[in-house]
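The values are calculated or read from the model by the stated rules, or taken from the named source; none is laboratory data. Bear in mind that the values here come from a model prediction, so they are computed numbers and not experimental data. Virtual Cβ from ideal backbone geometry, glycine too; neighbours counted across all protein chains shown.
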Amino acid sequence: MAALVAHLNGFQSLLLAPTQILAQQHFQTLETLFGPYGISIGLITGASKFKIGREAGLQRNPNLQFKILVGTHALLTEKVPPDRVGLVVIDEQHRFGVLQRGKASALGISPHILTMTATPIPRTIALTLYGDLDLSLLTDQPSGRLPVKTWVVPETKRADAYNWIKSQITGSNSQAFIICPFIESSETLTSVKAAAAEFTKLEKIFPRLKLGLLHGKLKSRQKDEVISRFRAGDYQILVSTPIVEVGIDIPSATIMLIEAAERFGLAQLHQLRGRVGRSHRQSYCLLFASSPTARLKAMEQHFSGLKLAEIDLQLRGPGQIYGTAQHGLPQFKVASFEDLDLIEKAKTSAAQILPRLDQYPLLRDLVKEDKIDLIQPN
């Protein structure tokens, strides 16, 4: 709707997505919505330059003629006329660094910025507290969906877990993801499972099931083929790296197994868990870790990305409010980040006082003399 409003007022919209799979999904959705009305949609990724929608003759100078442009990080390198950009949408914003998000915002001249994620990174929460962002929450699950049952599983129960997965797949015609941190085995981290080697091993453990392998070294065409076959049910188990973290919607997938879960952040674990539980069927997430931690236990207890981000904020800190560090604990002179009510009151009071700073001469003088320093980053 925001992109449509921008178009009706003569501006272009940019939609930034972290993966080619997700960018293509957005392109297809927008093309379906806007294509019949002659609104041209563009797609740019590292693998393919411009792909233009229904309108013909746009390939000559697509930068100037698209109405909505969807892209991956490759979009950040394009020369887009900034005076025509009225809206920048950053999807899955936790997948972009501070400088990348800043560069995306600079693609226009003071464009409206909309960032979206199921797991706001701690720095985003801090910026929201400081008044630089407005926060809108979608708190309700789609109708009929159930919370994903999540367990931290010790290594001693691995064989039982495999047998349970086998019975779930054969008994209820469901599918499973098995996520490994690496593509190939590491010489220094021999205990951490790699997707390629695990795929070979799991083919022997699940001899009657069909397995697929997905990772970042595959060509775009190969990735699309693997995902299409998994979606069609040709594969019962997909062994993958975290490349499936976003942009994959397989309603029949009900099991997510994550190896070396301690190597992932809470946001990434929550995003990976979100690949299952996308239908009315009960879904499950199994976290294998060398040792259970309070951070992983939080995954068993909480299913809200915002709540997990708050926990991550307490553990990692918000990073620099002005800067590029996305973690690190600052020190308040009064209060803490856990005291959200007090921070909200302080934010409201500051918003009321600042426009009338001349009415508070002592405070005004302290601000002018730069003697007020609320945060001391480590």
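Filtered by the rule that a residue be part of a loop (DSSP other than H, G, I, E, B) and touching a helix residue (DSSP H, G or I) at 6+ places or on another chain (Cβ under 8 Å), the range 11-46 gives Phe11, Ala17, Pro18, Thr19, Ile39, Ser40, Thr45, Gly46.
Results for (1) buried (at least 18 other Cβ atoms within 10 Å of the Cβ); (2) modelled with pLDDT of 70 or more; (3) touching a helix residue (DSSP H, G or I) at 6+ places or on another chain (Cβ under 7 Å), shown as yes or no for each residue.
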residue	(1), (2), (3)
Asn9	no, yes, no
Lys49	no, no, no
Leu75	yes, yes, no
Gln93	yes, yes, yes
Gly102	no, yes, no
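Taking the criterion of being over 22 Å from the mean Cα position of the chain (by Cα) and of a type in the set (A, V, I, L, M, F, W, C), the residues of the range 215-253 that qualify are Ala232, Ile237. Selection of first residues in the range 279-299 that are assigned by TED's automatic domain parsing to the domain that holds Glu198 and of second residues that are of a type in the set (S, T, N, Q) and outside any loop (DSSP other than H, G, I, E, B), restricted to Cβ pairs under 6 Å at least 6 apart or on distinct chains, gives the following pairs, ordered by first then second residue: Arg281/Thr254; Ser283/Thr254; Cys285/Thr150; Met299/Thr150.
Looking only at residues that are modelled with pLDDT of 90 or more and assigned to a loop (DSSP other than H, G, I, E, B) in the range 161-180, which one is surrounded by the fewest Cβ atoms within 10 Å (Cβ to Cβ)? It would help to see each step written out before you state the result.
Residues of the range 161-180 that are modelled with pLDDT of 90 or more, as a first pass: 161-171, 174-180.
The next check asks that each one be assigned to a loop (DSSP other than H, G, I, E, B); those that pass are 174, 180.
Details: Ser174: 20, Cys180: 23.
The qualifying residue surrounded by the fewest Cβ atoms within 10 Å (Cβ to Cβ) is Ser174.
The set of residues in the range 216-240 being among the polar types (S, T, N, Q) and surrounded by 13 or more Cβ atoms within 10 Å (Cβ to Cβ) consists of Ser220, Gln222, Gln236, Ser240. Whether a residue is closer than 25 Å to Phe96 by Cα, free of Cβ contacts under 8 Å to residues at least 12 places away in the same chain and out of contact with any Ser or Thr (no Cβ under 9 Å at 6 or more places or on another chain) was assessed, and Leu218 passes this test.
Mind checking whether some residue in the range 25-37 is within 18 Å of the chain's Cα centre (by Cα) and modelled with pLDDT of 90 or more? Yes, the range 25-37 has at least one match. Of all the listed residues (Ile255, Ile243, Ile248, Ile227), the sole one being β-branched (Val, Ile, Thr) and either in a loop (DSSP other than H, G, I, E, B) or without any contact (Cβ under 8 Å) to a residue 12 or more places away in the chain (or both) is Ile248. Of everything listed in (1) over 23 Å from the mean Cα position of the chain (by Cα); (2) at pLDDT 75 or above, the single unmet condition for Lys79 is (2). The lone criterion from (1) at pLDDT 90 or above; (2) surrounded by 15 or more Cβ atoms within 10 Å (Cβ to Cβ); (3) among the β-branched types (Val, Ile, Thr) left unmet by Ile248 is number (1). Quick check on the range 206-215. Is at least one of its residues in contact (Cβ under 8 Å) with a residue 12 or more places away in the chain and under 24 Å from Ala118 (Cβ atoms)? Yes, that holds for at least one residue.
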